[in-house]
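Just below is one structure, and these are the notes that go with it.
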Amino acid sequence: MARLIRFILILAVGAAVVGVASWGLAVHRVDVLLGDPPPQMGSQTTTFLWDGMAQAEGHPRVWRFAFAPTVIPGARSVNIYITPLGHIELTEPADLAARVKVFHNTGY
């Protein structure tokens, strides 16, 4: 019985480590996308979409970072979808990287 409990605890700790590492990769990708210093993005919510992203083919599971209200021109709210391995799947608006670059070039 002690072996089973130890095994379950090891699995739980392992799953927690994998989850935190995945979230860390996703946060790093968001930081790279938004640049340094990041623009004021308002309030942030982070959600892992277990059922997958309905907008993409195959409904991949992703981290969803939602920001609102932002100071980026033309983007009052921003959604960034990142896979558990740290790949940017989708941004809303689609040209978010270009808008952030223009925002940084204006001197803000």
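One residue stands out in the range 47-73 among those that are under 14 Å from the mean Cα position of the chain (by Cα) and loosely packed, with under 12 Cβ neighbours inside 10 Å: the one that is nearest to Pro93 (Cα to Cα), namely Thr47.
Inclusion of Gln55 among residues that are at pLDDT below 90, touching a strand residue (DSSP E or B) at 6+ places or on another chain (Cβ under 9 Å) and not hydrophobic (A, V, I, L, M, F, W, C) is warranted. How about the range 21-46: which of its residues are of a type in the set (Ser, Thr, Tyr) and either part of a helix (DSSP H, G or I) or more than 15 Å from Glu89 (Cβ to Cβ) (or both)? Correct list: Ser22, Ser43, Thr45. Is it true that Val32 is among the β-branched types (Val, Ile, Thr), surrounded by 10 or more Cβ atoms within 10 Å (Cβ to Cβ) and either over 20 Å from Asn79 (Cβ atoms) or at pLDDT 95 or above (or both)? The answer is no for Val32. A Cβ distance below 7 Å, combined with a sequence gap of six or more or placement on separate chains, defines the contacts here; from the range 81-108, residues that are touching a residue at least 12 places away in the same chain (Cβ under 8 Å) and assigned to a strand (DSSP E or B) reach residues that are hydroxyl-bearing (Ser, Thr, Tyr) and surrounded by 17 or more Cβ atoms within 10 Å (Cβ to Cβ) in the pairs Glu89/Tyr81; Glu89/Thr83; Leu90/Tyr81.
The values are calculated or read from the model by the stated rules, or taken from the named source; none is laboratory data. For clarity, every value in this text was computed on a predicted model and none was experimentally measured. No Cβ is skipped: glycine too gets one built from the backbone with ideal geometry, and neighbour counts run over all protein chains shown.
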